[in-house]
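Structure first, then comments.
The values are calculated or read from the model by the stated rules, or taken from the named source; none is laboratory data. Computed from a prediction, not measured in an experiment: that's the story for all the values here. Note that we place each Cβ from the backbone using ideal geometry, even for glycine, and neighbour counts take in every protein chain shown. Keep in mind that these areas ignore ligands, DNA and RNA; they rest on the heavy atoms of the full protein, side chains included. Shrake-Rupley method; radii C 1.70, N 1.55, O 1.52, S 1.80 Å.
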Amino acid sequence: MWWDERVSARFRRNLQPTLTYWSVFFSFGLCIAFLGPTLLDLRCQTQSSLSQITWVFFSQQFCLLLGSCLGGVFKRTLAQSLFALFASSLAISLVFAIIPLCHNVVVLAVVMAVAGLAMGCIDTISNMQLVKIYQKDSAIFLQALHFFVGFGALLSPLIADPFLSDTNCILSNSTANASSNLPHIRKSLVPHHPGNLSHYDLPMKGMVVTRVSYAFWIMALINLPVPIAVFFLLYKERMVPCFSSSSHPLLSADELAMETRPAEKEDLSTAVQRPRAAGGHDDLFSCCQSKNFRGASYTYFAVHITGALVLFMTDGIVGEYSGFVYSYAVEEPLSVVHKVAGYLPSLFWGFITLGRLISIPVSYRMKPATMVFINVVGVLVTFLLLLIFSSSVVFLFVGTASLGLFLSSTFPSMLAYTEDILQYRGCATTVLVTGAGIGEMVLQLLVGSIIHDQGSYSFLVCGMIFGGLAFTFYALLVFFHRMYPKPSSDMDDASPDKPAAMDDTGQYQR
């Protein structure tokens, strides 16, 4: 294998939980990408206007952010985490099954809000649990985790595509002109910004003819094995109530003896009693309690804030670029044909997924800090070249692919880097996930407003500014990393540089 035996052995010890967390993130990706392509058919199903249906976007994104903040509440024991993941992944399957039954836009928004909450919990808990299991070796497994969300995000539009309406799915006397522009309208829809589509006559009354329900039922069936996998992990860990009388670790005593070196063994009672600095992987509200700040240096807060700001910018770029690159391409000076421009968002997400796949082996050989540096510099240079060659359609496609590659591994690399700085005792996972979610929602709305007022060229200017800010915040993070106090000698055994008995045995904390 291309990694060393120690990491390989650790992966074998935690094979089932690792695969389970990866599958749950596939469920997250499946749910995050279906709404854009199916929104026009859902507009017909609910017989609502374009401006009304885009509120469904907002309900999902806002509740995803809320779920990310609350996800840390369930981290205190493995049982809480797994039950939350089971409920969240099952809720996503139920949402897919219920969406075809929603014939009112308000009901649909509520259902999508439930999906957003489930996705937010999945995002926080899965990242937290992988960091807890692998700690200093977590980078490679986080890269794989985020590959699965990209894979799910690629799959759901492919499932939906055969069932999307080729003509307006509400039949009336005024559908002819709108039907010919349907692909353009579909690609231009982004949260709260139907843009300049108001002049298209899309009827709200008439006979509804759409087959999109089949797509959602297929996705519900595809997602169903995910909660089943989480349930099997609960069963194996004896956490299902009817099997909770006895409990055993995932690793046998013989395997533990083989994998743990005698010099590094430590009495578990001592490890339990060792104080943990400033909380440790709490939810956002617990992290903000004053008791967690006692004795913490200013660099502790600075690392959290700068790490979150880097992801605020980079995840915001992902949201704004995927949402507006089509609209930018079809307008002057490029004036790309609608059908050709429609490939740009798919190209962007395709290279994000490819980049995450490539980053799995790369992250084992390269430090997370180095990967983040390459990512933010690559994003900045790409936007600079896109501005220089703004009249070139060919370079727009090349730049879109390049941005996808550079942005692909930023989140998992930043998470691994920040957790490593904080010795896995801060609130980095919760803060970073929340910061990324806020950035994706806020920057998309901000760029949409700027494009509406200043024109399409401001799309690239905004990207360049956000890229420059991401690089600046990363430079500050590196500066605060150098100033962050090193672990004291009495905590060396628990530091990531030396595997501690509690964290390196492969057992979960209950």
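Go through the range 336-445 and name the chymotrypsin sites (Phe, Trp or Tyr not before Pro) that are in a DSSP coil and have 16 or fewer other Cβ atoms within 10 Å of their Cβ.
Details: sites: 343, 348, 349, 351, 364, 373, 383, 389, 395, 397, 406, 417, 424; in loops: 389, 424.
In loop regions of the range 336-445 (DSSP not H, G, I, E or B), the sparsely surrounded chymotrypsin sites (Phe, Trp or Tyr not before Pro) are 389.
Report the Cα centroid-to-centroid distance between the range 403-465 and the range 32-53 in angstrom, as an integer.
Their Cα centres are 26 Å away from one another.
What does the charge add up to near residue 441, with Lys and Arg as +1, Asp and Glu as -1, over the other residues with Cβ less than 11 Å from its Cβ?
On the way: positive: none; negative: 315, 320, 440.
For residues surrounding residue 441, the net value is -3.
As a test question: what accessible area, to the nearest 10 Å², does residue 121 have when a 1.4 Å probe is rolled over all protein chains in place?
20
Of 359, 389, 467, which is farthest on the positive side of the dipole of the range 296-486, counting Cα position, with +1 on Lys and Arg Cβ, -1 on Asp and Glu Cβ, and the Cα centre as origin?
359
Quantify, in whole percent, the carbon and sulfur part of the accessible surface of the range 296-486 (1.4 Å probe; protein heavy atoms only).
Numbers: 5180 of 7180 Å².
Roughly 72 percent, rounded to a whole number.
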